[in-house]
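To start, the structure under review is shown below, and the notes come after it.
The values are calculated or read from the model by the stated rules, or taken from the named source; none is laboratory data. Everything quoted here is computed from the prediction, not taken from an experiment. Here the Cβ positions follow ideal geometry from the backbone for every residue, glycine too, while neighbour counts run over all protein chains shown. Ligands, DNA and RNA are excluded from the accessible area calculation, which covers all protein heavy atoms including side chains. Shrake-Rupley method; radii C 1.70, N 1.55, O 1.52, S 1.80 Å.
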Amino acid sequence: MLDIPTLALANLKEWTALRKPIAIQKVLENISPEDGRPGAILASPSRSNPNYYFHWVRDAARTIRTLVALQSLDTYETFLDSTIKRYVEFSKINQNTPTPSNSLGEPKFYVDGTAYFKPWGRPQNDGPAERAIALIRWANLLLEDGRKDYVTENLYDGKEPSESVIKADLDFVGNHWQDSCFDLWEEVNGTHFYTRMQQRTALREGAALAKALKDNGASTFYNEQAEKIEDDMERFWDAQNNHLKTTIDWKGGANYKYSNLDIAIILGSCYGYSKDFPFYSPNHDRVLASAFSIHNAFLDLYPINSIKELDGEPMGPGIGRYSEDIYNPNGGKANPWFLCTLAMSSLCYQAAKLYDKDKTIKINDQNIGFISLAINSSEESTKLKVGDIIKSGKIKNKIISGLNTLGDTYLRRVQYHGAEDGSLSEQFDLNTGFMLSARDLTWSYISLIIAIDLRDNTPINDD
């Protein structure tokens, strides 16, 4: 019999209301550590098994992007405003510090801002793109608030070469998106769906910002490069296996990863989503086909997934990075991750929101698997077939409601395995369900905040 942690249970609505402020506080505690520079963001306070006591460009950018989303125009003089400003200054230090890769794609730094010179998978070119996205969105809010001077002095100066964070990152992305690099898991060298999605979104949103600031030549260049990325991304589709490939143009690393199916596809779609410039959005047929394959790959992979209910409510499977994964800093087999499981939850909620706005939903051989899974998570009487065209009405509402319900099943898995005090680690044990690996992982908390925010704003939510 599996050794399962006993938790004080609450319904999901109550649990999310309790956990969101805790997650935000945990994130803020990982920013500007006492032994680091202001603006540094810890991946985790863990210093051994594993040592994540670094400022990862990717993780930090995602953190700031989430904090920006929490901001409103009347709270700019608050703690979050000064926090983001310190991050901007730390990012300038990162951009101008000599590194082994000699590029803005250097993946991580010590918290005092100095470079990490030991061997590592570098460069990782999603980092500059994600940093640009985070600060572009903040810049847009600042411009709405009449704070153009700060934007042009610190974020986008329109110069060549640039001395501002966003402009420097966008110029790097625009000139180097075709370069091979390491993936977000720091294991494979090649061309990655996740990285391309971040680069494309940064360039599209960056082009709009450049145009707003009268840097028209740069705006044209960024849009031209984004269009080239979009054209090239057709190569990621694997028609034979009906899912998007994680990596193409493979140059080395993780040669045991034979499926080329990875939660990074879902993360790429969710984190790369742009309201104004949608592309491979969370309700895209190919993204849903990939999500269905990922769900099935993990459904019976971990013993802990044999537990399918929490307090009488359905619980989805714990999701790891990819089924062949061998990474476990504590030894043994690879485990499910909180952030990976939450990615599936967020995908469901976001897809529900997008379908709610669509006039029709066309059922095809790519999306039918995941949409049927969603409907069956709440009721089994509705059967779909390829060729169905769903317009407004009961069936469309059932699809949207089913996606919300399916999202809840993944979120309930996180509820079950997280600590009673609200803390989250990187992983939870595939056998016992207890938390392990890096403690208080910033990315885990950010993923929870994103999922809860999406859930709170989903249509046809019965809570």
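In the stretch 349-370, the residues that are open to solvent by less than 50 Å² (accessible area, probe 1.4 Å) reach residues that are modelled with pLDDT of 95 or more and among the polar types (S, T, N, Q) with C-beta atoms within less than 7 angstrom, at least six apart or across chains, in these pairs: Tyr349/Asn404; Ala351/Asn283; Ala352/Asn404; Leu354/Ser281; Leu354/Asn283; Tyr355/Asn283; Gln366/Asn242.
Can you report the number of residues in the stretch 141-165 which are over 27 Å from Asn175 (Cα atoms), outside any helix (DSSP H, G or I) and either open to solvent by less than 60 Å² (accessible area, probe 1.4 Å) or touching a residue at least 40 places away in the same chain (Cβ under 8 Å) (or both)? Going through the stretch 141-165 one residue at a time, the tally reaches 2. Output the residues belonging to the stretch 424-456 that are of a type in the set (S, T, N, Q) and more than 19 Å from the chain's Cα centre (by Cα). Those that are of a type in the set (S, T, N, Q) and more than 19 Å from the chain's Cα centre (by Cα): Asn431, Thr432, Ser437.
Of all residues in the stretch 395-429, which are closer than 26 Å to Leu441 by Cβ and among the hydroxyl-bearing types (Ser, Thr, Tyr)? The answer is Thr409, Tyr410, Tyr416, Ser423, Ser425. Residues that are surrounded by fewer than 19 Cβ atoms within 10 Å (Cβ to Cβ), in a loop (DSSP other than H, G, I, E, B) and of a type outside the set (Val, Ile, Thr) within the stretch 293-317 comprise Asp300, Lys308, Asp311, Gly312, listed in sequence order.
The single residue among Pro128, Pro123 that is in contact with a Pro (Cβ under 8 Å, 6 or more places away or on another chain), crowded, with 19+ Cβ neighbours inside 10 Å and either of a type in the set (S, T, N, Q) or under 20 Å from Thr99 (Cα atoms) (or both) turns out to be Pro123. Is at least one residue of the stretch 40-53 of a type outside the set (Ser, Thr, Tyr), in contact with a Leu (Cβ under 8 Å, 6 or more places away or on another chain) and modelled with pLDDT of 95 or more? For the stretch 40-53, residues of a type outside the set (Ser, Thr, Tyr), in contact with a Leu (Cβ under 8 Å, 6 or more places away or on another chain) and modelled with pLDDT of 95 or more: present. In the set (1) at pLDDT 95 or above; (2) outside any helix (DSSP H, G or I); (3) touching a Lys or Arg at 6+ places or on another chain (Cβ under 6 Å), the condition left unmet by Asp463 is number (1).
If I filter the stretch 364-371 for residues that are part of a strand (DSSP E or B), at pLDDT 95 or above and closer than 15 Å to Ser281 by Cα, do I get at least one hit? Taking every residue of the stretch 364-371 in turn, none turns out to be part of a strand (DSSP E or B), at pLDDT 95 or above and closer than 15 Å to Ser281 by Cα. If only residues of the stretch 318-337 that are among the small types (Gly, Ala, Ser) and open to solvent by 20 Å² or more (accessible area, probe 1.4 Å) are counted, the one that is farthest from Ala374 (Cα to Cα) is Gly331. Whenever a residue of the stretch 253-279 is more than 18 Å from Thr341 (Cα to Cα), its partners that are assigned to a loop (DSSP other than H, G, I, E, B) and among the acidic types (Asp, Glu), lying with C-beta atoms within less than 6 angstrom and at least six residues away or across chains, give the pairs Gly253/Glu187; Ala254/Glu187; Tyr256/Glu324; Lys257/Glu324. Condition check for Ser290 on (1) touching a His at 6+ places or on another chain (Cβ under 9 Å); (2) not in a helix (DSSP H, G or I): one failure, at (2). Of everything listed in (1) more than 22 Å from Gly320 (Cβ to Cβ); (2) basic (Lys, Arg); (3) touching a residue at least 24 places away in the same chain (Cβ under 8 Å), the single unmet condition for Lys245 is (1). Within the stretch 91-112, residues that are within 19 Å of Asn51 (Cβ to Cβ) sit with their Cβ atoms under 6 Å from residues that are of a type in the set (Lys, Arg) and outside any helix (DSSP H, G or I), at 6+ positions apart or across chains, in these pairs: Pro107/Arg122; Asp112/Arg37.
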